[in-house]
Amino acid sequence: MNLDEVKAEYAKDGRVSGETLARLRDYLRTSPDPYDAITAAGDGAAFMLVPDLVGFLDHDDPMVRWNAASVLFNRFRVLELAQRCLKMVEEEEDEIARGAAITGLGEILPLVENLGLRSRMATALLSILENTNELTVMRGDAHAGMEIALNIPRNERVPASRLIDLERDVKPEVVAAFRKKFKV
């Protein structure tokens, strides 16, 4: 399957045909390296393949886990996976995959209606940011998740293309607004 065709079809038609979705689903299920198919599912807004993508959060390859987390939590914002996202933040050993889950918390958090889960998710972001034993990149991902959850416009956020300078980039007013909005 030519995965570029999925993206081109979506760009041309604003949707992906059932035939293409079936071929993409089969590719996801049979490919020894599903990374590119996960990307194509994300690029093609193939939300109906979420059940097939979820299993990749437990894949042996951390880059596959990262890509699945990026699509499911950050691009698709699958609310039903909020607890799975939090679990990945708490248990994932690979830093890159965990980082995708951390920013994913920020994407999903505003959608969560269960107050207990919402509080645990917000507390996780705040705890990571404030934990000096966390890697700077993880703390930066937590800060990015907080900015996303607060709906701070992208051009006013710390650029994702550079490592965060915690002293310069973390604004007390952003942390205070996050604490107030999410009651943590």
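Points worth noting:
- Residue count, the range 87-128 (criterion: touching a Phe, Trp or Tyr at 6+ places or on another chain (Cβ under 9 Å) and more than 14 Å from F73 (Cβ to Cβ)): 6
Condition check ((1) surrounded by 22 or more Cβ atoms within 10 Å (Cβ to Cβ); (2) in contact with a Cys (Cβ under 7 Å, 6 or more places away or on another chain); (3) of a type outside the set (A, V, I, L, M)) across all residues:
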site	(1), (2), (3)
S17	no, no, yes
A46	yes, no, no
P51	no, no, yes
E91	no, no, yes
G106	yes, no, yes
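- Yes/no for L105 being among the hydrophobic types (A, V, I, L, M, F, W, C) and within 13 Å of V175 (Cα to Cα): no
- Taken together, L126, L86 contain a single residue that is within 15 Å of the chain's Cα centre (by Cα), buried (at least 17 other Cβ atoms within 10 Å of the Cβ) and not hydroxyl-bearing (S, T, Y), which is L86.
- Which listed residue, of A97, A41, A69, A45, is among the small types (G, A, S), part of a helix (DSSP H, G or I) and assigned by TED's automatic domain parsing to the domain that holds Y10: A41
- One residue from G42, G116, G55 being under 30 Å from E9 (Cβ atoms) and surrounded by fewer than 15 Cβ atoms within 10 Å (Cβ to Cβ): G55
- Any hit, the range 163-176, residues being surrounded by 18 or more Cβ atoms within 10 Å (Cβ to Cβ) and assigned to a helix (DSSP H, G or I): yes
- Output for the range 31-80, where each listed residue is among the hydroxyl-bearing types (S, T, Y) and closer than 24 Å to L109 by Cβ: S70
The values are calculated or read from the model by the stated rules, or taken from the named source; none is laboratory data. Predicted, not measured: the structure shown is a model, and the values here were computed from it. Note that we place each Cβ from the backbone using ideal geometry, even for glycine, and neighbour counts take in every protein chain shown.
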